[in-house]
Structures are given as structure tokens and as C-alpha cells.
Amino acid sequence: MAHHIPCKLLFLCLTFFTTTQTQAHFAEESLEICEIKTPQQTTKLHFYFHDIPNGKNPTAVIIARPANLKTVGFGTLVMIDDPLTEGPETSSKLVGRAQGMYGEAGLDSSDQQDVSSLLMTITLSFTQEKFNGSSISILGRYRVSDEQREMPIVGGTGVFRLARGYALAKTYKYDPKTGVAVSEYNVFVLH
Ligand SMILES: *[C@@H]1O[C@H](CO)[C@@H](O)[C@H](O)[C@H]1NC(C)=O
């Protein structure tokens, strides 16, 4: 019986190669196991997120807003490239950047400097140690009035390939005069 098994495997391989010779095919069932590391590991990340909307070098800029709005309110879209640092000070070691967009998705936001519920669509790209070049994608609600905001991690690249998890954010410091907001992030990633 035992010698039948290699024959079957050879047959499968031959079938696989002969049916995939054409280059123009959109999808195929793969006999290869894609590069998934097992077992899964959990990584906890901790950093500070600096959102700087004003000044000489803003890292957050309004890219769209409804015509009837003068400042920030429902419908405002902001593009960001915010620094992520190890400690809370801006001068602290840079560990990555948060690049992407957030938009005011709460109807109860007023036409003032305040916001209510943001839709965050951002990529956290890291630059340190084994995380250099790897990223985490976040898509979720950020309710500003909550003391702690939770956002889902919907994917990742590099060491974070196929990531899942969640990010918890808390305001560390907010200056209403400059608009600069520093948030503390605790991120739990399964990857
Ligand atoms: C991260 O990777 C980039 C590109 O490979 C490299 O230029 C840079 O020096 C690396 N940074 C650190 C801190 O290792």
C-alpha cells in the first residue's frame, strides 16, 4: 500500500503544473501553503501618536469639507502623516508614522473646533528593530469623548502579515490653542 502514496502525490503535482502553464489566469486553487507562520504570536506595542494640525509643519491637513462649514464638522476629511514616538515628547525617539485619513462621521458634531466620532482609516508603519518596514492597518470608529477609544486592526504587512487585533487610544495631552493632540496607544496584535 505504502508505494501508492508517492505515486498519487506525483500525479497531483503533474496535474498542478500542467494546468497552470497559461499565464493569463485570474485565480487558482493552490496546493502550496501560503507563508503563514504558526503558531500565531501576540505582540503588544506602546507608543505616542502626535496629531499636529497647525504651525509651520503640520502633520494633519484638512483635504475636504462641506461648503457650509467654516472649520471642522460632519463631513470634514483630514489627511495625516503623524509621528509615532516611544515617549510622549515630540523629541522622543521616532518608532513609526500613522499615515492615512480620518473623517468626521458624527452628525452630532458642531461647526466648531471640536469633533465627535471619527472614522479612522490609517496605516501604522514602523521603522524600528524587526518591525522596520512592517505595518498595521486600522479601520474603525474613534469617539473623541470616550476616555479610551478602541479601534480594530484589520490587517498588516511584513511581520504583521494577516494581523488581527485592537488598538486602545487615550488622550495624553491636548492643547486647544494649537490643536496639537498627543495620544497614548496600546496595540495588541495577533499575527
Ligand atoms: C529601516 O529600513 C530602511 C530601509 O530598508 C533603512 O534605510 C533604515 O536604516 C532602517 N531603519 C532602522 C532604524 O533600522
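Are any of the residues in segment 177-190 surrounded by fewer than 15 Cβ atoms within 10 Å (Cβ to Cβ), within 19 Å of residue 72 (Cβ to Cβ) and not hydroxyl-bearing (Ser, Thr, Tyr)? Yes, segment 177-190 contains a residue that is surrounded by fewer than 15 Cβ atoms within 10 Å (Cβ to Cβ), within 19 Å of residue 72 (Cβ to Cβ) and not hydroxyl-bearing (Ser, Thr, Tyr). Scan segment 45-58 and give yes if some residue there is small (Gly, Ala, Ser) and either surrounded by 16 or more Cβ atoms within 10 Å (Cβ to Cβ) or under 18 Å from residue 185 (Cβ atoms) (or both), otherwise no. No: zero hits. Only one entry of 189, 159, 154 meets the criterion of being within 16 Å of the ligand (Cβ to nearest atom) and either at pLDDT below 95 or not small (Gly, Ala, Ser) (or both), and that entry is 159. The single residue among 120, 101 that is at pLDDT 95 or above, within 24 Å of residue 63 (Cβ to Cβ), away from the ligand (no atom under 16 Å from the Cβ) and touching a Phe, Trp or Tyr at 6+ places or on another chain (Cβ under 7 Å) turns out to be 120.
Just a yes or no: is a residue in segment 156-165 open to solvent by less than 10 Å² (accessible area, probe 1.4 Å) and assigned by TED's automatic domain parsing to the domain that holds residue 118? Yes, segment 156-165 contains a residue that is open to solvent by less than 10 Å² (accessible area, probe 1.4 Å) and assigned by TED's automatic domain parsing to the domain that holds residue 118. Total residues in segment 148-191 satisfying the condition of being over 23 Å from residue 61 (Cβ atoms) and of a type in the set (Ser, Thr, Tyr): the figure is 2.
The values are calculated or read from the model by the stated rules, or taken from the named source; none is laboratory data. The model shown is predicted, which means the values in this text are computed figures rather than measured ones. For neighbour counting, all protein chains shown are included, and Cβ atoms are generated from backbone atoms with ideal geometry for every residue, glycine included. In case anyone asks, the SASA skips ligands and DNA or RNA and just uses the protein heavy atoms, side chains included. Shrake-Rupley method; radii C 1.70, N 1.55, O 1.52, S 1.80 Å.
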